[in-house]
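These notes concern the structure reproduced below.
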Amino acid sequence: MTHVPYSDSLQPFPVLGLPMHLVNDYDRWLSHRIEQRLGCHVITLNAEMTMQAEQNPALANIIHQAELVIPDGSGIVLYMRLHGKRVKRTPGIELAQGLLERSTQFGEPWSIFFFGGAPGVAETAAQKWRQSIPGISIVGVQNGYLKPEDEPEFLQHLKTLQPRLIYVGLGVPRQELWISKNRHVCPNAVWIGVGGSFDVWAGTKERAPKWFCDNHLEWLYRLYQEPWRWKRMTALPKFAMKAIVYRLTKRNPVSR
Ligand code: UDP
């Protein structure tokens, strides 16, 4: 893997025309950004999001503009292997957890905000983290079903708090669009779209057992848990077909 420890802008590797950033240790790279108050939007890329971006130019643009795009999904890791790059999968939920653990290890604990999930979920997740990480500074939570008329007040609240790390769990692509539109209120924060992580931390949803994750089958467990997602998941075979075709025709479109 290319070692790019603390460069502000990373050289992307193209994944079906979208950028992916190869960094030895994403936790360390982001810790540096948080410490230095260098704002950053982190995208946790998977096959489903890649296929969504083909149909959604706004999402594609946001991925191109993000300072850090990490390989969240097994499909991305397998794609990289097809192109001769061995990368370690970095699920967004694990990256987010790792940063919570690191948040108290520097001088002053990083201030953290949780936004998203059904009412009560982010609060329960925050309580659990407060119990397991002494000194953690979760300065606020907000459920993800905010009425549009309440949004200006919420944005003002974020602006006043200026958290160093902001997790937004509204699902893809809602969270990416929301972060892109609103990150200007806390330009020095690290913003991460964390999907359903608050549900997992709060205990309202279960993550796939390790065996499924290790064998690139997390999607299968998800399908068993949430069969109504089958339509979204048709993106996975589409992604695999495209990846193989690009490999065979030796095409790997260069990012914009
Ligand atoms: N969600 C939300 N507001 C909305 C729609 C969804 O806060 O308007 C939350 C929902 O409660 C869940 C998360 O977004 O906690 C979506 O989780 P999912 O695992 O589906 O995310 P994805 O797979 O899209 O990353």
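The values are calculated or read from the model by the stated rules, or taken from the named source; none is laboratory data. In this text the structure is predicted, and so the values were computed from the model without any measurement. Glycine also receives a Cβ, built like all others from the backbone with ideal geometry; neighbour counts cover every protein chain displayed. Just the protein is used for accessible areas: all its heavy atoms, side chains included, with ligands, DNA and RNA removed. Shrake-Rupley method; radii C 1.70, N 1.55, O 1.52, S 1.80 Å.
Can you find even one residue in the range 40-48 that is more than 15 Å from the chain's Cα centre (by Cα), surrounded by 21 or more Cβ atoms within 10 Å (Cβ to Cβ) and in contact (Cβ under 8 Å) with a residue 24 or more places away in the chain? Scanning the range 40-48 turns up no residue that is more than 15 Å from the chain's Cα centre (by Cα), surrounded by 21 or more Cβ atoms within 10 Å (Cβ to Cβ) and in contact (Cβ under 8 Å) with a residue 24 or more places away in the chain. Considering only the range 234-242, I want to know if a residue exists there that is among the aliphatic types (A, V, I, L, M), part of a loop (DSSP other than H, G, I, E, B) and either within 16 Å of the ligand (Cβ to nearest atom) or open to solvent by 30 Å² or more (accessible area, probe 1.4 Å) (or both). So far as the range 234-242 goes, no, none of its residues is among the aliphatic types (A, V, I, L, M), part of a loop (DSSP other than H, G, I, E, B) and either within 16 Å of the ligand (Cβ to nearest atom) or open to solvent by 30 Å² or more (accessible area, probe 1.4 Å) (or both). Look at residue 134 and say whether it is open to solvent by 30 Å² or more (accessible area, probe 1.4 Å) and more than 16 Å from the ligand (Cβ to nearest atom). The answer is yes for residue 134.
Condition check for residue 181 on (1) within 16 Å of the ligand (Cβ to nearest atom); (2) crowded, with 19+ Cβ neighbours inside 10 Å: one failure, at (2).
Only one of the numbered conditions (1) in a loop (DSSP other than H, G, I, E, B); (2) farther than 21 Å from residue 113 by Cα is violated by residue 163, and that is (2).
Under the condition of being of a type in the set (A, V, I, L, M), within 13 Å of the ligand (Cβ to nearest atom) and either without any contact (Cβ under 8 Å) to a residue 12 or more places away in the chain or open to solvent by less than 40 Å² (accessible area, probe 1.4 Å) (or both), the residues counted in the range 107-131 number 3. Considering the range 140-156 alone, what residues qualify as being in contact with a strand residue (DSSP E or B) (Cβ under 7 Å, 6 or more places away or on another chain) and surrounded by fewer than 17 Cβ atoms within 10 Å (Cβ to Cβ)? Of everything in the range 140-156, just one residue is in contact with a strand residue (DSSP E or B) (Cβ under 7 Å, 6 or more places away or on another chain) and surrounded by fewer than 17 Cβ atoms within 10 Å (Cβ to Cβ), namely 154. The helices (runs of 4 or more DSSP H) located wholly in the range 1-120 that include 2 or more residues which are under 21 Å from residue 232 (Cα atoms) and in contact with a Ser or Thr (Cβ under 7 Å, 6 or more places away or on another chain) occupy 92-102.
Taking the range 71-102 as the range and being within 19 Å of the chain's Cα centre (by Cα), surrounded by fewer than 23 Cβ atoms within 10 Å (Cβ to Cβ) and over 23 Å from residue 207 (Cα atoms) as the test, only 80 passes.
The set of residues in the range 197-218 that are assigned to a loop (DSSP other than H, G, I, E, B) and surrounded by fewer than 19 Cβ atoms within 10 Å (Cβ to Cβ) comprises 203, 204, 205, 206, 208, 209, 215, 216, 217. Taken over the range 198-223, the residue count meeting the criterion of being hydrophobic (A, V, I, L, M, F, W, C), near the ligand (Cβ under 10 Å from one of its atoms) and farther than 30 Å from residue 160 by Cβ is 0. Being among the acidic types (Asp, Glu) and near the ligand (Cβ under 10 Å from one of its atoms) holds for only one residue in 149, 226, 153, and it is 226. On the basis of being near the ligand (Cβ under 8 Å from one of its atoms) and in contact (Cβ under 8 Å) with a residue 60 or more places away in the chain, does residue 195 make the cut? For residue 195, the condition - near the ligand (Cβ under 8 Å from one of its atoms) and in contact (Cβ under 8 Å) with a residue 60 or more places away in the chain - is met.
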